[in-house]
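Working notes for the structure below.
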Amino acid sequence: MNTEHAAYHIANELGGLELLNAHYHKQNFSRHTHEGYTVGVIETGAQRFYRTGGNHVAPKHSIILVNADEVHNGCSATEDGWSYRAMYPVPAQFANITQEFTSTRGAPYFPQPVVQDPELAELLRLTFSTLDTSDNRLLRESLVYSSLTQLMARHGRNYPSEHFGANAKPALALVKSFIDDHPAADISLEELATLAGLSPYYLLRQFQRYYGLPPHAYQTQARVRLAKQKIGQGIKLLDVAMECGFHDQSHLNRHFKKTVGLTPGQFAKGIGRNIIQA
């Protein structure tokens, strides 16, 4: 099957849980990050992806785990593509659940990018299917909590002490904060270096070391996140592109698809927004 499709929607559980059901053939995700974790089950084929400084292959029935804000990419590892179901819980949602654990504090860290755990994979499939088909709130919430709790208990750890969030230099954190707060700003590397009190070369090298992406690529990710928010507000796509710092709508479409795996129009449909394309 060489056709591609992707269905996105938000479940009400945990205050809003992003879900994706996709089959990709030629899709090639660029290196990017998500605010939430990626918890996915490979249904057919196999996916090749980068995470934690190396490349990995996730075969059929395996579980993919990417930590929040962790740089990763993705493409098919087979000629026929791959399909998977995934959820994207944010750290705060995990942190609420970890109150039940004494060994894990706050949001968990998943050290293994690919996990072979047939029992948990089946529970995740049941959770995805139930969120698609059932309006029984007790059942839906029970499965979400059970699957995420078991995931943390079996495969989660505390964040390692060298995690960049704990050790990032204040100057680099200042640059990151500026980009997060002003993703659409037309700012140069020299201006960011002046803000941080660093040389442009040192900023470029150290920012990528700590955050996994150079400043310009991180800015693109921040712009895509802002675009998701504005699409959720029902703003037409051409205005979204302009307000988020993209050159035009096609520029938005290209980066959005390479990051989210959906076009902006598909994303809008998935969250129930009937917006004007241009």
Out of all the residues in region 61-78, which are of a type outside the set (Gly, Ala, Ser), crowded, with 16+ Cβ neighbours inside 10 Å and assigned to a loop (DSSP other than H, G, I, E, B)?
ASN67, ASP69, GLU70, VAL71
Near pairs, Cβ below 9 angstrom, 6+ apart or cross-chain, from region 212-232 (more than 11 Å from HIS255 (Cβ to Cβ)) to any residue that is surrounded by 21 or more Cβ atoms within 10 Å (Cβ to Cβ) and basic (Lys, Arg)
none
Just name the residue that is nearest to the chain's Cα centre (by Cα) out of those in region 1-33 that are of a type in the set (Asp, Glu) and open to solvent by 40 Å² or more (accessible area, probe 1.4 Å).
GLU18
Residues of region 44-60 that turn out to be in contact (Cβ under 8 Å) with a residue 60 or more places away in the chain and outside any loop (DSSP other than H, G, I, E, B), as a count:
2
Checking the conditions here, which among GLU43, GLU4 is among the acidic types (Asp, Glu) and modelled with pLDDT under 95?
GLU4
How about region 101-157: which of its residues are open to solvent by 40 Å² or more (accessible area, probe 1.4 Å) and part of a loop (DSSP other than H, G, I, E, B)?
PHE101, THR102, SER103, ARG105, PRO111, GLN112, GLN116, ASP135, ASN136
Matching entry among SER199, SER177 (being over 21 Å from VAL71 (Cβ atoms) and of a type in the set (Ser, Thr, Tyr))
SER199
Filter result for THR263 (in contact with a helix residue (DSSP H, G or I) (Cβ under 7 Å, 6 or more places away or on another chain), open to solvent by 30 Å² or more (accessible area, probe 1.4 Å), among the polar types (S, T, N, Q) and under 28 Å from LYS26 (Cα atoms))
yes
Of the residues in region 217-244 that are among the small types (Gly, Ala, Ser) and over 19 Å from HIS34 (Cα atoms), the one that is least open to solvent (accessible area, probe 1.4 Å) is ALA241
Looking at (1) in a helix (DSSP H, G or I); (2) open to solvent by less than 50 Å² (accessible area, probe 1.4 Å), find the lone condition where LEU195 falls short.
(2)
Do we have any residue at all in region 222-234 that's over 29 Å from SER83 (Cβ atoms) and in a loop (DSSP other than H, G, I, E, B)?
yes
All but one of (1) open to solvent by less than 50 Å² (accessible area, probe 1.4 Å); (2) more than 23 Å from ASP132 (Cα to Cα) hold for GLY36, so report the exception by its number.
(2)
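The values are calculated or read from the model by the stated rules, or taken from the named source; none is laboratory data. Being a predicted model, the structure only gives us computed values, none of them experimental. Methodologically, a virtual Cβ is constructed for each residue, glycine included, from the backbone with ideal geometry; neighbour enumeration extends over all protein chains shown. What goes into the accessible areas is simple: the full protein's heavy atoms, side chains included, and nothing from ligands, DNA or RNA. Shrake-Rupley method; radii C 1.70, N 1.55, O 1.52, S 1.80 Å.
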